[in-house]
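> What follows is a structure written as structure tokens; I'll ask about it next.
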Amino acid sequence: YFLDKSDKYDSRDVERLQQDDKWVENYLLWRHDVVDDTLKMIDESFQWRKEYTVNDLSESVLPKWLFEIGALFLHGYDKEGYKLFWFKVKHHTRDPKQQVEKKKLVAFWLEHYAKRDHGKPLTVVFDMAETGISHIDLDFVRFIVNCFTDYYPNFLTKIVIFEMPWIMNAAFKIVKGWLGPEAISMLKFTNKSDVQEYISGEYLPPHMGGTDSFKYSYPPLVDDDFQTPLCENGPITSEDEHESKEEIDADTKEAGELNEAQNLNQKKMNSIEQISKSEETDKTEVKPKNAKKALTTFKGPLLHISPAEELYFGSKETGEKKCLIVLTNVTKNVVAFKVRTTAPEKYRVKPSNSSCEPGTSLDIIVSLHGGFAASLQDRFLIMAAEMDQSSGAGVPELTQFWKEVPRTKVMEHRLRCHVIESSKPSSLTLKDNAFNIPAKTNEDLHIQLTHLLQINRRLEEQMNRCLWFQQLSVVLSLLSVTLAAFCFYLAYAQRS
């Protein structure tokens, strides 16, 4: 393919294919490990990526009005923790002149998310409330479907269709014809009474029976609603004396609980004690044994962050309510950082706004506040930027620094939450190992499970084909017997 069509590919895609095993693996999984089919899909998707200049799509390239109408955007998570890709059908109108630009908007959002969250699958929501025949655009719907079936492998978890008008039933029968049997199983037709089977009310707007007060607007780009978590280095500016007292009481109570469990959790206690010391000094070096607690590391240009992708919390039954994040400054300058979360009422983060000296590491402890439980939908954002050596590292200096630093110089990395249920194997629920569980193990299991499901589907397809051939054989046999009997009858009649 490459020798014949190298001029039809973007060299950046070819380079990524040679270096990114996960990308290759996703293509293989989506095509059931059939190499010829996988190559064909890569060829088609690479040609499409170059035709739509996917690697160069940005806000400045696309017309501003496309973002302003709010027909397409990313917001919230489903119950499995997958990001929601919304298509507000009522804001879409058929116009052949704008079709290419609208398709590029779809590609922009998918590429934007793929680069940001490393290709974690999406859930597509077609919100068809208040829509009618004038909003039907099969060409555009087909393009969205093709993006997931042909261009972005293993990128789709399900398609949630909300309140599809009966007049569109015929149109969606056509859409089903474009989807394979696997994709058809991903279609979930819902209404107000059952949509929460897939998406919790906190991420559903009121007209869908939810409580999400989010209202789309542009600029800026819609993103996770990250906010400052509870308990910065010192009191939050907006909190009063009473709230500060509650925090101190909570700290005292948690320290007592930790002391009580000291004999059972000595290793974890050592980590917590060192973090307490880091809070007093705002920044400190971390001993090597602490750095080993997170076995996966994100290697950014300013900070190395462990764990790389997930924070492991226990359920209410397992009781694990603390996680450790280790930041390592890999630059020659002081790096300012701050931590934000999509659920600020749940989490206390210490320190959440500080700085890290060149070549040193720093522990951040993330703990659940009060009786809250971690959720798969919760996210954390770590922001980092280099500071001048002359800049101070106090709270006033950091506040001013974050107001003035250009967005282009800020490194951002996101972490998601993983909840360990008590029903899972004991190796996953040991509190002493809460920091030691590698995220890669979970990913490997997911990949293996997906692979088994793909094999299972192939076997089912083969069985269905065998049954079909069997039924066909029976029908043909019956026809042959009937024809032979008829021939014998005719011969007998002639002799008579």
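> Would you pick out the residues in the range 365-408 that are over 30 Å from Gly201 (Cα atoms), among the β-branched types (Val, Ile, Thr) and modelled with pLDDT of 80 or more?
Step one: list which residues in the range 365-408 are over 30 Å from Gly201 (Cα atoms), which gives 384-408.
Narrowing further to those that are among the β-branched types (Val, Ile, Thr): 395, 399, 405, 408.
Within the range 365-408, Thr399, Val405 meet the criteria.
> Run down Lys79, Lys50 and say which single residue is in contact (Cβ under 8 Å) with a residue 24 or more places away in the chain and in contact with an Asp or Glu (Cβ under 7 Å, 6 or more places away or on another chain).
Working: Lys79 fails: in contact with an Asp or Glu (Cβ under 7 Å, 6 or more places away or on another chain).
From the options Lys79, Lys50, the qualifying one is Lys50.
> Now a separate question. Enumerate the helices (runs of 4 or more DSSP H) found wholly within the range 37-155, keeping only those where 1 or more residues are in contact with a Leu (Cβ under 6 Å, 6 or more places away or on another chain) and open to solvent by less than 10 Å² (accessible area, probe 1.4 Å).
Correct list: 64-68, 99-116.
> For the range 308-330, which residues satisfy the criterion of being at pLDDT below 90 and touching a Cys at 6+ places or on another chain (Cβ under 9 Å)?
Hits for the range 308-330 are Glu310, Leu311, Tyr312, Phe313, Cys323.
> Select from the range 208-239 the residues that are of a type in the set (Val, Ile, Thr) and either open to solvent by 70 Å² or more (accessible area, probe 1.4 Å) or modelled with pLDDT under 75 (or both) and list them in ascending order.
From the range 208-239, those of a type in the set (Val, Ile, Thr) are 211, 222, 228, 236-237; that's our starting set.
Matches in the range 208-239: Thr211, Ile236, Thr237.
> Further, regarding this structure: For residues that are open to solvent by less than 30 Å² (accessible area, probe 1.4 Å), modelled with pLDDT of 85 or more and within 21 Å of Arg31 (Cβ to Cβ), tally how many sit in the range 156-181.
3
> Looking at the structure I just gave you, is Lys158 in contact (Cβ under 8 Å) with a residue 24 or more places away in the chain and assigned to a loop (DSSP other than H, G, I, E, B)?
It is false that Lys158 is in contact (Cβ under 8 Å) with a residue 24 or more places away in the chain and assigned to a loop (DSSP other than H, G, I, E, B).
> Restricting to the range 40-88, and then to whatever is within 24 Å of Leu376 (Cβ to Cβ) and of a type in the set (Ser, Thr, Tyr), can you tell me which residue is farthest from the chain's Cα centre (by Cα)?
Tyr77
> Here are the criteria: (1) at pLDDT below 85; (2) more than 16 Å from Pro307 (Cα to Cα); (3) touching a Gly at 6+ places or on another chain (Cβ under 8 Å). Tell me which single one Val419 does not satisfy.
(2)
The values are calculated or read from the model by the stated rules, or taken from the named source; none is laboratory data. Everything quoted here is computed from the prediction, not taken from an experiment. Backbone-built Cβ (ideal geometry, glycine too); neighbour counts: all protein chains shown. SASA here: full protein model, heavy atoms, side chains in, ligands and nucleic acids out. Shrake-Rupley method; radii C 1.70, N 1.55, O 1.52, S 1.80 Å.
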